[in-house]
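Undergrad: Can you read through this structure? Questions will come right after.
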Amino acid sequence: MSKQFDVIVIGAGPGGYIAAIRAAQLGFNVACIDEWKNTSGGPAPGGTCTNVGCIPSKALLQSSENYDQAAHHFADHGIQVQGLGLDVGRMLARKDAVVKQNNEGILYLFKKNKVAFFHGRASFARAGEGGGWEIQVGGAAEETLHGTHIIVATGSSARALPGAAFDEERILSNDGALRIGGVPRRLGLIGSGVIGLEMGSVWRRLGADVTVLEGLPTFLGAVDQQIAKEARKAFTKQGLKIELGVKVGEVQPTGEGVRIAYTDAKDAAQVLEVDRLIVSIGRVPNTTGLNAGAVGLALDERGAIVVDDECKTNLPNVWAVGDVVRGPMLAHKAEEEGVAVAEHIAGQHGHVNFNTIPWVIYTSPEIAWVGQTEEQLKAGGRAYKAGTFPFLANGRARALGDTTGMVKFLADAATDEILGVHIVGPMASELISEAVVAMEFKASAEDIARICHAHPSLSEATKEAALAVDKRTLNF
Ligand code: FAD
Ligand code: NAI
């Protein structure tokens with residue numbers, strides 16, 4: 001007799017563990033199955049985000065930023081540092097400790113919410129007699145569970161370059177990129193997307209000579225181009241070499257490192273020799289091992305599970321959320337979908353507003369945005385007004401010693417409704433929340449311009465950019 005659950009969640013990344021907790025809050029009897037192992041073989045819930053994504057990358061970004069500040073910027077504040085050193089082992093150990101705290105936090109939350117956790121690989125066994133689904137759990141203890149509803153939240157994995165499999169020694173995915181044991185002298189990255197810029201920044205700050213090869217001719221094509229240009233200027237000044245419009249050819253491990261043959265934007269043959277190569281060219285949904293074919297779970301041409309607006313798959317009572325379905329591969333998007341699905345199962349009206357999902361790139365300066373870019377508004381023929389305000393004119397940014405970048409507002413030309421907010425600069429990751437709230441409430445630029453913002457704060461740049469929409473900044 002298999003164990004019975006109202007809801008079985010496959011995967012304990014941000015999509016899965018949050019769906020499990022919300023379903024338990026709503027009174028369901030919930031199981032969550034995840035196969036991730038820590039270095040001792042024990043469970044490590046939290047998925048890509050906790051183990052090899054958001055959390056460890058931000059830990060290393062912080063450590064490397066601290067080092068960069070001490071090495072290059074403390075002197076501006078009159079602080080003298082002698083004998084500054086770098087212990088990469090200690091830095092990685094701190095990062096691992098942060099990850100472990102998060103793994104343990106999720107296990108605690110499962111206990112608190114009475115979610116039954118199973119450590120192992122889950123696959124569809126068969127449709128249950130009288131409805132629901134039989135799920136096989138492989139691992140230390142083989143067992144079969146029965147769930148009335150199944151939520152698939154199996155996430156994604158790094159995409160490899162054809163002919164250059166990850167060995168995690170010299171050719172690295174995000175996993176290997178987060179545990180390089182010492183600063184490589186020459187680091188190459190393929191793909192100047194989010195991972196390329198964040199991981200490139202970490203190792204550049206620690207002293208590596210970093211070159212990023214990007215296939216597209218445009219830098220950060222999804223980002224508002226005024227913001228992307230400002231960011232590129234800052235990265236180049238820091239020493240990050242970014243080559244656009246390249247065509248990567250043969251990638252060959254050599255005695256000491258990796259040799260990458262490519263053609264540059266002018267079609268000239270080039271070779272890049274590096275000690276380590278990080279390949280960050282996007283991610284693929286995790287569906288192998290689910291036995292999707294046997295039960296007829298529909299996948300699209302990318303291998304993602306096909307879902308409707310409510311995250312329903314083609315199978316009755318089977319739902320899917322997060323990186324394994326369409327939409328941006330972001331932890332907070334996965335979480336919102338997890339909550340919405342649990343609420344749908346409870347007969348409520350869960351909803352994810354794709355127009356107000358914020359994006360953040362945690363480089364220095366940070367890049368954050370919500371809503372439409374100027375390029376998208378132009379392409380859509382929407383009449384808009386734009387307002388920008390530079391951090392150079394913000395008192396708090398000057399006091400921080402970090403005046404790169406700007407806040408940019410885009411508002412409807414007739415109604416003044418905010419259509420997009422784009423930030424490059426200090427703490428953009430935190431500043432963007434105000435814009436998300438404003439857009440959720442369908443605020444106008446004038447609304448933000450009339451709200452009292454604390455002085456001195458970086459958020460005053462947000463208010464001033466909103467004022468700039470009506471050409472009436474006060475401090476610039
Ligand atoms: P995942 O987090 O991938 O979790 C899926 C889980 O399912 C995994 O634990 C996996 O082991 C398990 N699983 C898979 N198949 C099975 C199976 N058959 N049986 C049992 N278990 C299974 N996003 C942000 O929003 N902000 C960031 O700062 C950010 N930084 C990132 C940095 C890096 C380097 C990377 C790689 C990603 C980053 N992301 C970030 C993206 C974010 O990690 C993902 O969008 C998020 O983890 C997706 O959540 P998920 O629950 O869909 O899947
Ligand atoms: P990405 O989609 O952000 O960037 C991939 C880049 O590689 C693109 O610019 C693309 O044009 C380029 N590319 C693709 N194939 C190429 C090739 N053959 N040669 C040269 N360039 C090529 O993907 P990335 O950086 O791997 O990250 C995956 C996802 O993880 C992101 O899309 C994002 O959703 C998530 N993530 C989010 C973070 C955040 O929110 N701060 C941080 C890191 C990852």
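The values are calculated or read from the model by the stated rules, or taken from the named source; none is laboratory data. What you see is a predicted model; the values in this text were computed from it and never measured. Cβ coordinates were reconstructed from backbone atoms using ideal geometry, including for glycine residues, and neighbour counts include every protein chain displayed. These area figures cover heavy atoms from the full protein model, side chains too; ligands, DNA and RNA do not enter into them. Shrake-Rupley method; radii C 1.70, N 1.55, O 1.52, S 1.80 Å.
Undergrad: Compute the separation of the alpha-carbon centres of region 186-262 and region 410-436 and state it in Å as a whole number.
TA: A separation of 27 Å, based on Cα centres.
Undergrad: Still on this structure, please answer the following. Working from Cα positions, state the angle (0 to 90°, nearest 10) between the long axis of helix 54-68 and the longest principal axis of the chain.
TA: 30 degrees
Undergrad: A follow-up question, please. What shape does the chain have by the C-alpha gyration tensor, where a ≥ b ≥ c are the square roots of the eigenvalues, rounded means a/c under 1.5, and otherwise prolate means a/b greater than b/c and oblate the rest?
TA: oblate
Undergrad: In degrees between 0 and 90, to the nearest 10, how far off the longest principal axis of the chain does helix 459-469 point, with axes built from Cα atoms?
TA: In the chain, helix 459-469 runs at an angle near 70 degrees to the longest axis.
Undergrad: To the nearest 10 square angstrom, how much accessible area does T50 have with a 1.4 angstrom probe?
TA: Using a 1.4 Å probe on the heavy atoms, I get roughly 10 Å².
Undergrad: Turning to a different aspect of this structure: Taking loop as defined by DSSP and a crowding limit of 11 other beta carbons within 10 Å, which trypsin sites (Lys or Arg not before Pro) in region 276-349 fit?
TA: Counting only loop positions with at most 11 other Cβ atoms within 10 Å, the trypsin sites (Lys or Arg not before Pro) in region 276-349 are R302.
Undergrad: How many angstrom separate the Cα center of region 363-377 from the Cα center of region 270-333?
TA: 24 Å
Undergrad: With each label point set 7 Å from Cα along the Cα-Cβ vector, what nm distance links A93 and R382?
TA: According to this spin-label approximation, the distance is 5.1 nm.
Undergrad: Only helical DSSP H runs with n ≥ 4 go in: add -39500 (n - 2.57) per run for the chain, normalise by residue count and round the 222 nm mean residue ellipticity to 500 deg cm²/dmol.
TA: One gets -9500 deg cm²/dmol as the mean residue ellipticity at 222 nm.
Undergrad: Okay, next question. Please enumerate, by chain and number, the aspartates and glutamates with C-alpha under 12 Å from the C-alpha of K333, excluding those fewer than 8 residues away in the same chain.
TA: Filter leaves D323.
Undergrad: To two decimal places, what compactness ratio does region 171-281 give when its Cα radius of gyration is scaled by 2.2 N^0.38 Å?
TA: Normalised Cα radius of gyration, region 171-281: 1.01.
Undergrad: Relative to the longest principal axis of the chain, what angle (0 to 90°, nearest 10) does the C-alpha long axis of helix 194-205 take?
TA: Relative to the chain, helix 194-205 is tipped by roughly 60 degrees.
Undergrad: A follow-up question, please. Treating cross-link reach as a plain straight distance, find the lysines whose alpha-carbon is under 28 Å from the alpha-carbon of K241, omitting any fewer than eight places away in the same chain.
TA: K58, K95, K229, K233, K266, K408
Undergrad: With charges only on Cβ, +1 for K and R and -1 for D and E, what is the dipole size of the chain about its Cα centre, in debye, rounded to 20? Before the final figure, lay out each step's value.
TA: Values: 45 positive and 54 negative charges, 149 e Å.
For the chain, the charge dipole is close to 720 debye.
Undergrad: Here's a follow-up. For region 228-277, which GluC sites (Glu not before Pro) are in a loop by DSSP, counting at most 14 other Cβ atoms within 10 Å?
TA: Those that pass, being in a loop and sparsely packed, are E256.
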